[in-house]
Amino acid sequence: MDIEVLFEDNHYIAVNKPNRLLVHSDETRDKTLVDWVKNYLKEKYNKPGEVFLGVIHRLDRPVSGVIIFARTTKGLQRMNKAFQERAVEKTYWAITYTRPPKLSDTLENFLWKDSTKNKTKVLPGKSRRHPDAKKAILTYKLISEYNHHCLLEIKPITGRSHQIRAQLAAIDCPITGDIKYGFPTCNIKGCIDLHSRSLSFIHPIKKEKVEIIAKPPSSNQVWNWFENVNVTSKPVRKKKRR
């Protein structure tokens with residue numbers, strides 16, 4: 001398995017997660033990203049015994065992009081705190097076939113996770129209509145268009161399960177390939193066009209600014225249409241080549 005290591009020091013390691021790969025084990029018992037990173041560290045540093053790896057956050061199986069793990073308990077505790085305090089800026093890219101109603105907007109909803117179906121529901125209005133509902137907030141902007149496809153840059157303020165997928169579907173902009181949230185057809189091998197583009201934070205131990213950026217999957221032609229778009233791009237319209 002060929003996985004790109006994006007950042008590594010004594011306390012953390014970040015990689016570019018391929019889509020379709022589990023972060024950690026579940027009932028399928030398929031190989032996981034945690035397995036790969038542990039093996040990588042064990043071989044690189046010739047470590048005997050079990051390798052410590054702290055899971056800080058997660059990405060859904062069909063999603064690609066930046067994910068960071070802790071290599072020490074101290075690093076795990078401090079980065080967990082940074083995530084809880086929203087001191088880590090997360091940027092995602094998503095491709096949709098439908099143009100959003102606004103070029104940029106803030107979406108604020110109450111979400112409820114139906115664990116029996118592993119699906120998050122956006123509750124109508126802005127009132128909390130389920131006892132287990134949680135508020136979800138994100139901002140998005142349209143940064144490029146090509147061949148009837150839209151590239152959105154998304155910054156989640158909260159970190160709810162399936163938040164981006166559910167909130168985009170609620171404005172009639174399901175992510176391409178995401179049949180769970182309303183896109184009519186699936187992508188090859190079940191991936192969806194949602195990518196964790198970057199993480200930006202102050203290193204909890206070294207107190208230095210860190211920005212980690214991951215390229216989208218080059219194996220997907222749709223992502224290749226947007227390969228020259230910068231993470232901080234302003235809304236633009238990209239015309240189809242003739």
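What follows draws every value from the coordinates through simple rules; no lab data is involved. Since the structure is predicted, the reported quantities are computational estimates derived from the model, not experimental observations. Cβ sites come from the backbone with ideal geometry, for glycine too, and all protein chains shown count toward neighbours.
First check a/c for the chain, with a ≥ b ≥ c the square roots of the eigenvalues of its C-alpha gyration tensor; if it is under 1.5, answer rounded, and if not, answer prolate when a/b is larger than b/c or oblate otherwise.
It is prolate, given that a/c is not under 1.5 and a/b is the larger ratio.
Under 5 Å between amide H atoms, partner at least 5 residues away or on a different chain: which partners does K121 have, H built in plane at 1.01 Å?
W112, K113, D114
Just flag the trypsin sites (Lys or Arg not before Pro) in the stretch 1-43 sitting in loop per DSSP whose Cβ has no more than 14 other Cβ atoms within 10 Å.
R29, K31
With a 10 Å Cβ neighbour count serving as the proxy for reagent exposure, in which order, fewest first, do M1, M79 appear?
If I rank by nearby Cβ atoms, fewest first, I get M1, M79.
With unit charges on the beta carbons (Lys and Arg positive, Asp and Glu negative) and the dipole taken about the Cα centre of the chain, which residue among I13, A70, T120 sits farthest to the positive side?
The residue sitting most towards the positive pole is T120.
In a shell of Cβ-Cβ distance under 15 Å around Y181, excluding Y181 itself, what net charge do Lys and Arg (+1) and Asp and Glu (-1) give? The partial results should precede the final answer.
Working: positive: R61, K113, K117, K119, K121, R160, R165, K180; negative: D60, D114, D172, D178, D193.
Summing Lys/Arg as +1 and Asp/Glu as -1 gives +3.
Starting from the stretch 191-221, pick out the trypsin sites (Lys or Arg not before Pro) whose DSSP state is loop and whose Cβ has at most 16 other Cβ atoms within 10 Å. Don't skip to the answer; put the middle values down first.
Values: sites: R197, K206, K207, K209; in loops: K206, K207.
Those that pass, being in a loop and sparsely packed, are K206, K207.
Amide H of I67: which non-local residues (sequence gap of 5 or more, or other chain) have their own amide H closer than 5 Å, using H built in the peptide plane?
Distant-sequence amide H within range of I67: V15, K17.
Only sites in a loop by DSSP and with at most 13 other Cβ atoms within 10 Å count here; which GluC sites (Glu not before Pro) in the stretch 1-59 make the cut?
E27, E50
Spin-label point model (7 Å from Cα, Cβ direction): what's the D30 to T72 distance in nm?
Those two pseudo-labels are separated by 3.5 nm.
Suppose every Lys and Arg Cβ carries +1 and every Asp and Glu Cβ carries -1, with no other charges. What dipole size does the stretch 1-77 come out with about its Cα centre, to the nearest 20 debye?
Around 140 debye, computed over the stretch 1-77.
Would you work out the charge dipole size for the chain about its Cα centre, treating the Cβ of every Lys and Arg as +1 and the Cβ of every Asp and Glu as -1, and quote it to the nearest 20 debye?
Value, rounded to 20: 580 debye.
Mind checking which of K17, K189, K90 has the largest fluctuation in a GNM of the chain, springs on alpha carbons under 10 Å?
Taking springs between Cα atoms under 10 Å, the residue moving most is K189.
Which net charge results for the neighbourhood of H162, defined as the other residues with beta-carbon distances under 9 angstrom from its beta-carbon, given Lys and Arg at +1 and Asp and Glu at -1?
Charge balance in the 9 Å sphere: +4.
Can you give the calculated 222 nm mean residue ellipticity of the chain, where each DSSP H run of n ≥ 4 adds -39,500 (n - 2.57) and the sum is split over every residue, rounded to the nearest 500 deg cm²/dmol?
One gets -4000 deg cm²/dmol as the mean residue ellipticity at 222 nm.
Rounded to the nearest Å, what's the spacing between the alpha carbon centres of the stretch 56-102 and the stretch 206-221? Just the number, please.
Taking the Cα centre of each part, the stretch 56-102 and the stretch 206-221 sit 11 Å apart.
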